[in-house]
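Undergrad: Below is a structure I'd like to ask you about.
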Protein chains: 2
Amino acid sequence: MQPDWIAADWGTSNLRVYAMSAQGRVLAEAVSEDGMGRLVPEQFEPALLRLIGAWLGEGVLPIYACGMVGARQGWVEARYRTVPCPPLDVGALTRVPVQDKRLRVFIAPGLSQAKPADVMRGEETQIAGALAQGGGDGVYCLPGTHSKWAHVSAGEVVSFQTFMTGEMFALLAKQSVLRHGLAGAEGEVPEAFDAAVSEALSRPERLAARLFTLRAEGLLEGLGAAAARSRLSGLLIGAELAAAKPYWLGQPVTLIGSAGLSAAYARALAAQGVSAKLLDVASCTLAGLSTLIAPRP
Amino acid sequence: MQPDWIAADWGTSNLRVYAMSAQGRVLAEAVSEDGMGRLVPEQFEPALLRLIGAWLGEGVLPIYACGMVGARQGWVEARYRTVPCPPLDVGALTRVPVQDKRLRVFIAPGLSQAKPADVMRGEETQIAGALAQGGGDGVYCLPGTHSKWAHVSAGEVVSFQTFMTGEMFALLAKQSVLRHGLAGAEGEVPEAFDAAVSEALSRPERLAARLFTLRAEGLLEGLGAAAARSRLSGLLIGAELAAAKPYWLGQPVTLIGSAGLSAAYARALAAQGVSAKLLDVASCTLAGLSTLIAPRP
């Protein structure tokens, strides 16, 4: 196996690498927990070599990385590019100095927005990949720990907004008093999810009052764990949709996320009469990084 | 020192006991970390004796306890009383079976509400104490980990609502991505707090979008830790006020809480033209438990 280049999706928690052919085919892949969050700068090159060492030959192999690896606390800072701008720019990659002469490493910078202040790292590559796959202008939603909504026009990210929905869900479900009522939840309760989305969207100012009712209904009415979890998910996604309304109102939406989470967002949007197209994260990331491998001097 | 009775404020994290005279004077007090959360039923009596052992004489000493000690996972379950009802009822105490013949232990039950489902344990005693101190009918707000708003009419709690504001603040400030920008915050930035309260109240549907801007402004504009923390506090208290508006709109409010937190709520309410009276938690708890010591057959 002789890859032509390496794609690296290097986030806070994980490093995921793909051995790629010049035609964009995945020849092999590997993953480790050497996320940016647990590495100091000197440890990035060894962490990379641990995963791709077996793929290296005699020659020089280019590596294109995106994500938190380019943060200020990462390997080398890849300064944010400011919107409006295309999500990726082959001329704006940050070259990383390395010891091993067989490596030529580039980091794709994230995007920043001045007002309201916002940043992304990694999602710009997914958006670029969606565009490269014919996604076109419109509204992109990337649900996750920190969900992003982005408006793309004339091939440029015009504006975007981050929501801490996934992180809030994890904190409330696993560490708050609500955990008692959600423990051991199995499966989804779609009606509970739908009702909560609708409630959060129609009365967003009541969100703060709705969360504790999950606990109280568990104590007083025996609300089940699965229903409680679906309702928490619906309340938080509904609150996100309430705030992101200027993005999706009357617009088709492209969702780039894990299958389960994207399905939940699509269901919530469908209830508002909005249709959504679902794209896979990994294939968008690879398609995005593939746009960078044009030969350069 | 010979107390006539013992007052016990027994919450999830702490046990706080007061040696009381028949006239309601505090003769001595003690505290331990033997909260309900770390005890199984057999451990409650020893935990209590560790704190009050030195106060016991020959005779029988009555102990009146409130808080999570009466939860299902507590010492003995003190079943919720359902609103509307007076916050405390001398006839509805739960007598706890004990080994030590010198103890006679009573737990004051909490309150429940059917719709919207809600519960409180401990706050009912504080409200009773406020009423005993001449508080009268009106709106009571008890800010804390789980803030409570209660409407009292004709001496009865008519309705109440719980908000997870304090717990959300702690989770977001200490465990979410926002912790990076809040670490080491010292002091308050009142203008940041005020602006955030106003923002959350005027555009409550935008809350989910405002949280991450604290992180982004930290990265892009050098937003300071103290300002970020004050803004997070303002956003969450503002979101609570938005949802609790039916309670406080056009009504004077009595706040029962720690000095710092009550001052923050009073400031937020004042900006909405609402005046607030501040009462101390411990003195309300003691005044509430004192209403229970009428001699009984």
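Please treat every number below as a calculation from the coordinates, not as lab data. Small disclaimer: the values here were computed from a predicted structure and weren't measured. Positions of Cβ are backbone-derived with ideal geometry, glycine not excepted, and every protein chain shown enters the neighbour counts.
Undergrad: Work out how much length A:Asp89 to A:Arg179 would gain on full extension: take 0.36 nm times their residue separation and subtract the Cα-Cα distance, in nm to one decimal. Could the numbers behind the result be given before it?
TA: On the way: separation 90, 0.36 × 90 = 32.40 nm, distance 4.38 nm.
Gain on extension, A:Asp89 to A:Arg179, equals 28.0 nm.
Undergrad: Taking Cα atoms, how many degrees apart are the long axis of helix B:190-202 and the longest axis of chain B, rounded to 10 and kept between 0 and 90?
TA: Once rounded, the angle reads 90 degrees.
Undergrad: Could I ask something else about it? Restricting attention to region A:1-108, which GluC sites (Glu not before Pro) occupy a DSSP loop and are surrounded by at most 11 other Cβ atoms within 10 Å?
TA: Numbers: sites: A:Glu29, A:Glu33, A:Glu42, A:Glu58, A:Glu77; in loops: A:Glu33, A:Glu58, A:Glu77.
Of the GluC sites (Glu not before Pro), the ones in loops of region A:1-108 whose Cβ has at most 11 other Cβ atoms within 10 Å are A:Glu33, A:Glu58.
Undergrad: Which trypsin sites (Lys or Arg not before Pro) does region A:46-108 hold that lie in a coil by DSSP with at most 11 other beta carbons within 10 Å?
TA: A:Arg72, A:Lys101
Undergrad: Under a point spin-label approximation (7 Å from Cα along Cα-to-Cβ), what is the A:Lys101-B:Arg25 distance to one decimal in nm?
TA: Rounded to a tenth, the inter-label distance reads 9.0 nm.
Undergrad: May I pose another question? Taking chain A as the reference, fit the longest principal axis to its C-alpha atoms, fit the long axis of helix A:165-175 to the helix C-alpha atoms, and give the angle between the two in degrees, 0 to 90, nearest 10.
TA: 70
Undergrad: By Cβ position, which chain B residue lies least far from the axis that rotates chain B onto chain A, and what is the distance to the nearest whole angstrom?
TA: B:Leu171, 2
Undergrad: Looking at chain A only, what percent of DSSP beta bridges run antiparallel? Nearest 5 please.
TA: Values: 31 of 50 bridges.
In chain A, approximately 60 percent of DSSP beta bridges are antiparallel ones.
Undergrad: Dipole magnitude of chain B about its Cα centre, charges +1 at Lys/Arg Cβ and -1 at Asp/Glu Cβ only, in debye to the nearest 20?
TA: Working: 26 positive and 27 negative charges, 79 e Å.
Roughly 380 debye, rounded to the nearest 20.
Undergrad: Continuing with this model, one more query. So if each residue of separation counts as 0.36 nm, and I subtract the Cα-Cα distance between A:Val60 and A:Leu278, what length gain in nm does that give? Don't skip to the answer; put the middle values down first.
TA: On the way: separation 218, 0.36 × 218 = 78.48 nm, distance 3.64 nm.
Residue separation times 0.36 nm, minus the Cα-Cα distance, leaves 74.8 nm.
Undergrad: While we're looking at this one, here's another question. Per residue of A:213-221, what is the mean number of Cβ atoms on other protein chains within 10 angstrom of that residue's Cβ? Mind dumping the intermediate values first?
TA: Details: counts 7, 2, 6, 10, 5, 2, 7, 9, 3.
Partner-chain Cβ atoms within 10 Å, mean over residues of A:213-221: 6.
Undergrad: Express the C-alpha Rg of region B:5-121 as a ratio against the empirical globular expectation 2.2 N^0.38 Å, rounded to two decimals.
TA: Values: Rg = 14.2 Å, N = 117, 2.2 N^0.38 = 13.4 Å.
Normalised by 2.2 N^0.38 Å, the Cα Rg of region B:5-121 equals 1.06.
Undergrad: Could you identify which residue out of A:Val253, A:Val98, A:Val119 has the top mean-square fluctuation in a GNM of chain A using Cα springs shorter than 10 Å?
TA: Most flexible of the set in this elastic network: A:Val98.
Undergrad: Right, something else. For the protein assembly as shown, what is the mean residue ellipticity at 222 nm derived from helices alone (per DSSP H run of n ≥ 4: -39500 (n - 2.57); sum divided by total residues; nearest 500 deg cm²/dmol)?
TA: On the way: 20 runs with 214 residues, N = 594.
The per-residue figure over the protein assembly as shown is -11000 deg cm²/dmol.
Undergrad: Could I ask something else about it? Using only the alpha-carbon atoms, how far is helix B:259-270 inclined from the longest principal axis of chain B? Give it as 0 to 90 degrees, nearest 10.
TA: 50
Undergrad: Let me ask you something else. Using the alpha carbon gyration tensor of the protein assembly as shown, what are the three equivalent-ellipsoid semi-axes (square root of 5 times each eigenvalue), largest first, in whole Å? Display every interim value, and only then the final one.
TA: Details: eigenvalues 582, 129, 91 Å².
After scaling each eigenvalue by five and taking roots: 54, 25, 21 Å.
Undergrad: Which distances, in nm and shortest first, link the B:His180 label point to the same label point in every other copy, taking 7 Å along Cα→Cβ?
TA: For B:His180, the inter-copy label distances come out at 3.5 nm.
Undergrad: Calculate the all-directions average of the projected area of chain A's alpha-carbon convex hull, and give it in nm².
TA: 16.4
Undergrad: Between A:Asp137 and A:Lys115, how many nm apart are label points set 7 Å from Cα along the C-beta direction?
TA: 2.4
Undergrad: Run through the other copies and list how far each one's label point is from that of B:Gly260, in nm with one decimal, shortest first; the point sits 7 Å from Cα along Cα-Cβ.
TA: Copy-to-copy label distances for B:Gly260: 3.8 nm.
Undergrad: Additional query: By average Cβ neighbour count within 10 Å, what is the ranking of A:187-200, B:137-150 from highest down? Could the numbers behind the result be given before it?
TA: Numbers: A:187-200: 18.7, B:137-150: 22.2.
Answer by packing, highest mean first, reads B:137-150, A:187-200.
Undergrad: So, one more: Compare the Cα positions of B:Val69, B:Ala108, B:Gln43 along the charge dipole of region B:5-121 (+1 at Cβ of Lys, Arg; -1 at Cβ of Asp, Glu; about the Cα centre) and return the one farthest towards the positive end.
TA: Among B:Val69, B:Ala108, B:Gln43, the one farthest towards the positive end of the dipole of region B:5-121 is B:Ala108.
Undergrad: With the label 7 angstrom out along Cα to Cβ, how close does A:Arg50 come to the same site in each of the other copies, in nm, nearest first?
TA: 4.2
Undergrad: While we're here: Across 5 Å bins from 0, what is the distribution of all Cα-Cα pair distances for region A:93-242, in whole percents?
TA: With a bin width of 5 Å, the distribution comes to 2, 9, 14, 16, 14, 11, 11, 9, 6, 4, 2, 1, 0, 0.
Undergrad: For A:Trp5, A:Trp55, what's the fewest-to-most ordering of other Cβ within 10 Å of each Cβ?
TA: Working: A:Trp5 20, A:Trp55 17.
So the residues, fewest neighbours to most, are A:Trp55, A:Trp5.
Undergrad: Right, next: Shielding of A:116-128 by partners, i.e. mean partner chain Cβ atoms within 10 Å per residue? Working shown, then result.
TA: Working: counts 7, 11, 8, 7, 1, 0, 0, 0, 0, 0, 0, 0, 0.
Across the residues of A:116-128, the mean count of other-chain Cβ atoms within 10 Å is 3.
Undergrad: Still on this structure: For region A:163-280, what percent of Cα pairs sit more than 24 Å apart?
TA: Here the long-distance tail beyond 24 Å is 22 percent of all Cα pairs in region A:163-280.
Undergrad: Taking the Cα centre of the protein assembly as shown as origin, sum charge times position over the Cβ atoms of Lys and Arg (+1) and Asp and Glu (-1), and report the length of that vector in debye to the nearest 20.
TA: So the magnitude is around 40 debye.
Undergrad: Identify which of A:Asp89, A:Asp100, A:Asp118 has the largest mean-square fluctuation in a Gaussian network model of chain A, with springs joining Cα atoms closer than 10 Å.
TA: A:Asp100
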